[in-house]
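Bear in mind that the values in this text are calculations on the coordinates, not laboratory data. Every value quoted in this text rests on a predicted model; they were computed, and no experiment measured them. With ideal geometry, Cβ positions are generated from the backbone for all residues, glycine too; neighbour counts draw on all protein chains shown.
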Amino acid sequence: LKKELIFSEKMNVASVISASVAHEIRNPLTAVRGFLQLLTQTDLKPDKKQMYGEICLAEIDRAEQIINDYLSLAKPYPEVVEKLDIGEEIQYICNILTPLANLTGAEIQVKQDYQLFVSGDRQKLRQSIINIAKNGIEAMADKSGVLKIEAYRRNNEVILSISDTGIGMTNDQINRLGMPYYSNKDKGTGLGMMVSFGFIKGMLGNINVKSEVGKGTVFDIAFPLLKM
Ligand code: ADP
Ligand code: MG
């Protein structure tokens with residue numbers, strides 16, 4: 001009986017991991033698909049071609065990195081901790097999210113200060129923010145809206161703020177964020193927030209969520225500022 005129990009626990013972990021991988025791999029695949037579509041335009045300028053190609057390659061690498069990250073749950077290895085310029089990262093994230101925003105008719109506004117450094121794993125930071133921003137875009141699917149991504153300094157913290165003008169959440173819904181498989185979407189997996197919150201906590205970040213039903217949602221993430 002005991003052996004069986006252990007086996008079923010393992011099966012459960014395996015199914016959680018594989019569902020997460022599927023969920024997270026979809027983001028880079030969507031980006032690559034969007035940029036490949038742009039690449040098939042005949043009148044494309046060479047510099048644009050070059051840029052779209054580079055983004056595709058970077059996103060394929062990211063997909064591979066995500067698979068590696070999830071495999072590391074099963075077999076931990078030291079992660080790459082780097083000095084990250086938050087302004088640069090959100091500019092990159094904005095480029096990745098643009099095809100999805102175009103698809104749903106959302107506008108993305110980015111406002112960032114540069115030279116604000118935090119310490120963390122670049123792929124995990126990108127993945128966390130993309131998951132949160134993607135939910136924001138999806139929350140505005142039925143109407144046009146604005147997704148704002150901002151980064152600024154507040155005392156000894158770097159604040160990364162992601163807000164949308166979408167459907168919003170009740171307090172009850174906010175409290176459920178991050179629970180595995182909590183989703184209100186037809187094709188949702190309910191794993192995005194669990195992954196994001198875990199990674200952000202790993203970077204010593206604090207998350208504050210404010211939301212109003214029918215008005216929109218703000219995610220404020222505070223990371224410790226890395227002094228140069
Ligand atoms: P999924 O997106 O697959 O449903 P997530 O873990 O990313 O799973 O999100 C869980 C749920 O939290 C979503 O289904 C949605 O109901 C709610 N949610 C998250 N972010 C927002 C947001 N910005 N606006 C409204 N609801 C949100
Ligand atoms: Mg999601």
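What the table shows:
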item: Selection from the range 135-181 of residues that are touching a Leu at 6+ places or on another chain (Cβ under 7 Å) and charged (D, E, K, R); result: Arg153, Glu157, Asp164
item: From Met169, Met140, Met193, residue being within 11 Å of ligand 1 (Cβ to nearest atom), closer than 28 Å to Leu84 by Cβ, among the aliphatic types (A, V, I, L, M) and in a loop (DSSP other than H, G, I, E, B); result: Met140
item: Residue list for the range 205-228, restricted to those being in contact with a strand residue (DSSP E or B) (Cβ under 6 Å, 6 or more places away or on another chain) and of a type in the set (Gly, Ala, Ser); result: Gly205, Ser211, Gly216, Ala222
item: Subset of the range 99-133 [of a type outside the set (A, V, I, L, M, F, W, C) and buried (at least 20 other Cβ atoms within 10 Å of the Cβ)]; result: Gly120, Lys124, Arg126, Gln127, Ser128, Asn131
item: The range 196-228, residues that are part of a loop (DSSP other than H, G, I, E, B), farther than 20 Å from Glu138 by Cα and more than 16 Å from the chain's Cα centre (by Cα); result: Leu204, Leu225, Leu226, Lys227, Met228
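Yes or no, residue by residue, for (1) within 13 Å of ligand 2 (Cβ to nearest atom); (2) among the small types (Gly, Ala, Ser); (3) within 20 Å of Gln127 (Cα to Cα):
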residue	(1), (2), (3)
Ile162	yes, no, yes
Ile167	no, no, no
Asn175	no, no, no
Phe199	no, no, yes
Leu226	no, no, no
